[in-house]
Amino acid sequence: MSRIGKLPIEIKEGVTVTIQDRTVSVKGPKGELSYKVSPLFDIVKENSTIRVLLKKNTKEAAPLYGLTRTLIYNMVQGVSEGFEKRLSFHGVGFRAAVQEKTLVLNVGFSHPVELSIPVDLEVRVEKNNIIVSGADKVKVGQLAADIRSVKKPEPYKGKGIKYIDERVRRKAGKAAKAAT
């Protein structure tokens, strides 16, 4: 049985949680999220905590127990504090700009690459950094991964888009031919 699934979820101040018909809805200052819970679990709200209870310990329920608890916990975190992913881009002539709800990347191609920004996410560009923020952890991570996939960092000069905390293993490249 999952040790993570057993842990209670603290409801922070300013966050309201409603549970009805297997759907958990969380509302806070950063937005509103909802999640439909599997029929293998019961969700109980007690005072300022939420608990995920396993109905029956089966082979199907065991791996979903900790996941369900973590998804609800991330919803509570997201609507109260939000999530953020930071990316940096390096390369000669590389630029990024936000125009309305579109991120425009000039990263060495013959054309600018345009990515649409979902309604509930916010993207900012500061010098050589792209900051993706929002309440939904999955959507923030997916948009950051989509931005990174436009031009992955290459191992020789390090050009491309990478996460701030990502380390790119650099290669030496070709050695110069010895003079005879």
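Just so you know, all these numbers are worked out from the coordinates, no wet-lab data involved. Since the model is a prediction, treat every value here as computed from it, not as a measurement. Heads up, the Cβs are rebuilt from the backbone with ideal geometry, glycines too, and the neighbour counts pull from every protein chain shown.
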Q.
Output wanted: per-residue J couplings in Hz (rounded whole) for region 121-133, from phi through Karplus 6.51 cos²θ - 1.76 cosθ + 1.60, θ = phi - 60°, x for Gly and Pro.
A. 10, 10, 10, 10, 10, 10, 6, 9, 10, 10, 10, 10, 9
**Q.** Amide H partners (placed H, <5 Å) of THR49, local residues excluded
**A.** ILE11
Q) Order of 91-102, 17-28 by packing, highest average Cβ count within 10 Å first? A) 17-28, 91-102
Q | Choice from GLU84, GLU122, GLU13 with maximal GNM fluctuation in the chain (Cα, 10 Å cutoff) | A | GLU13
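What per residue convex hull volume, in Å³, comes out for region 83-163 when only alpha-carbon positions are used?
Once divided by residue count, the hull of region 83-163 is 79 Å³.
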Q. Which whole-Hz couplings ³J(HN,Hα) result when phi for each residue of region 137-147 is put into the Karplus expression 6.51 cos²θ - 1.76 cosθ + 1.60, θ = phi - 60°, listed in order with x for Gly and Pro?
A. 4, 5, 5, 4, x, 5, 5, 5, 5, 5, 5
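Taking all pairs of distinct Cα atoms, average 1/r, flip it, and tell me the Kirkwood hydrodynamic radius of the chain in Å to one decimal place.
It is 19.1 Å.
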Q: Tabulate in residue order the Karplus-calculated ³J(HN,Hα) for region 55-61, using 6.51 cos²θ - 1.76 cosθ + 1.60 with θ = phi - 60°, rounded to whole Hz; enter x for Gly and Pro.
A: 5, 8, 6, 10, 5, 6, 7
**Q.** Percent of C-alpha pairs per 10 Å bin, region 3-80, short to long
**A.** 20, 56, 21, 3
Q. So which of LYS139/LYS162; LYS6/LYS27; LYS6/LYS152; LYS30/LYS85; LYS6/LYS137 end up more than 28 Å apart, counting from Cα to Cα?
A. LYS6/LYS152
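Just the Kirkwood number for region 41-91, please: inverse of mean 1/r across all distinct Cα pairs, in Å, one decimal.
Numbers: mean 1/r = 0.0748 Å⁻¹.
That comes to 13.4 Å for region 41-91.
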